[in-house]
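> Have a look at the structure that comes next, please.
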Amino acid sequence: MSDNAGRAIKDRVRNYFEDTTRDYLKWYGTRRHHHMHYGFDRDLPPGGSPTSNMTRYLATLAGLFPADPSRPAPKVFDAGCGMGGSSILLARETGAQCFGANLVEMHARIAQAFAVRDAAKWGTPNESAPGAPAVPAGLRRVSARFLANDYTTPAFKPASFDVIWALESFCYAPDKEAWIHTMAPLLKPGGRLVLADGCSGRPPANRAEARAFELFLKGWAVPHFCSFDQIQKWARSAGLEVTHAEDITPDVLPHAWKIFRLGPIILPWRKMLHALGLVNEEKLLNAYAIYHQYPTLKRGLWRYGAFCFRKPG
């Protein structure tokens, strides 16, 4: 991929998130739970947060749970950190020192504000959602930091991190194979690269399916998906061992349905406002993505995968 094409993809991603930040804060509940990704319904306790449940599941794959205050704090690079949900939860519940990088400067500032606000309430009855693990007292501290930077080319020394975390950010990398090869040297021996994201599924059966899938990807500024096999092949070629590769689509579908329920309401409204010049293109496309993400996932045009790769050592 040419440098110009890569920059165009990053500009598109940056513009999308800058224009839809209010949507995430208002409609998706990010102001409350700080996450911007799909939820995970497997073993979800009554009243629990599906998005936090996803983070805890991946943290278990990464070896961050159970938390142990007696061990050195693991260092985590949250690549494409959104508004900080994963890093804030991992810092609070595992004692990790988290460093989040995001293309969107506004998101990095919001994430830091969320981290400070959450730190102020740690140890209070409002700290944990139903079903959340108890947080050892020694872990209650601010250990999540965020910066606006290109998460595909971070300026860290080799062997800097115990865990590299990519929760629905991998899909935005212009060159996904190159990204994995860039991340591998940053891991310490025995370190883990955790990745959860959409992956390619079956080809569209007709023009309507192709159009729906195109609107889904375009609406969320995703340049393309790759396959389960490609991700594992690239990890191995980067010198990493595949320790976990799982299709978790059935566990994500219930949350995808909850997102979809807004689609029939938001899409016609956004179309009208766009026609009147009151809503920009990004917000209209976001509504299309909300509407099409669930049917295309349910029909197998894409799948949701969870992966963990380990650096030998």
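> Hey, any hits in segment 33-52 for a residue that's charged (D, E, K, R) and within 21 Å of residue 114 (Cβ to Cβ)?
No, segment 33-52 contains no residue that is charged (D, E, K, R) and within 21 Å of residue 114 (Cβ to Cβ).
> Here is a follow-up. Inside segment 42-65, can you point out the residues that are assigned to a helix (DSSP H, G or I), more than 18 Å from residue 171 (Cβ to Cβ) and in contact with a strand residue (DSSP E or B) (Cβ under 6 Å, 6 or more places away or on another chain)?
Result: 61, single match.
> To continue, here is another question. State whether the residues of segment 34-41 include one that is surrounded by fewer than 20 Cβ atoms within 10 Å (Cβ to Cβ) and either in a helix (DSSP H, G or I) or not acidic (Asp, Glu) (or both).
For segment 34-41, residues surrounded by fewer than 20 Cβ atoms within 10 Å (Cβ to Cβ) and either in a helix (DSSP H, G or I) or not acidic (Asp, Glu) (or both): absent.
> Another question, then. Residue 259 fails exactly one of the following numbered conditions: (1) within 22 Å of residue 19 (Cβ to Cβ); (2) more than 18 Å from the chain's Cα centre (by Cα); (3) in contact (Cβ under 8 Å) with a residue 12 or more places away in the chain. What is the number of that condition?
(2)
> In addition: Restricting segment 79-120 to residues that are aliphatic (A, V, I, L, M) and outside any helix (DSSP H, G or I), which is surrounded by the most Cβ atoms within 10 Å (Cβ to Cβ)?
83
> Select from segment 256-313 the residues that are buried (at least 17 other Cβ atoms within 10 Å of the Cβ), closer than 21 Å to residue 231 by Cβ and not hydrophobic (A, V, I, L, M, F, W, C) and list them in ascending order.
Residues satisfying the conditions are 293, 296, 303, 304, 305, 310, 311.
> Do we find that residue 140 is modelled with pLDDT under 95, buried (at least 23 other Cβ atoms within 10 Å of the Cβ) and touching an Asp or Glu at 6+ places or on another chain (Cβ under 9 Å) in this structure?
no
> Follow-up. Being part of a helix (DSSP H, G or I) and of a type outside the set (D, E, K, R) is the filter here; which residues of segment 277-294 pass it?
284, 285, 286, 287, 288, 289, 290, 291, 292, 293, 294
> Which condition breaks for residue 159 when tested against (1) crowded, with 16+ Cβ neighbours inside 10 Å; (2) farther than 13 Å from residue 305 by Cα; (3) at pLDDT 95 or above; (4) in contact with a strand residue (DSSP E or B) (Cβ under 8 Å, 6 or more places away or on another chain)?
Only one criterion is unmet by residue 159, namely (1).
> Which pairs have Cβ atoms under 7 Å, sit 6 or more apart or on different chains, and link a residue in segment 270-283 that is touching a residue at least 12 places away in the same chain (Cβ under 8 Å) to one that is outside any helix (DSSP H, G or I)?
270/279
> Name the single residue that is surrounded by the fewest Cβ atoms within 10 Å (Cβ to Cβ) among those in segment 173-193 being in contact with a strand residue (DSSP E or B) (Cβ under 9 Å, 6 or more places away or on another chain) and not aliphatic (A, V, I, L, M).
Step by step, filter segment 173-193, then rank; the result is 190.
> Taking residue 70 as meeting all but one of (1) of a type in the set (Ser, Thr, Tyr); (2) surrounded by fewer than 17 Cβ atoms within 10 Å (Cβ to Cβ); (3) at pLDDT 85 or above, write down the number of the exception.
Residue 70 satisfies every listed condition except (3).
The values are calculated or read from the model by the stated rules, or taken from the named source; none is laboratory data. Every value quoted in this text rests on a predicted model; they were computed, and no experiment measured them. With ideal geometry, Cβ positions are generated from the backbone for all residues, glycine too; neighbour counts draw on all protein chains shown.
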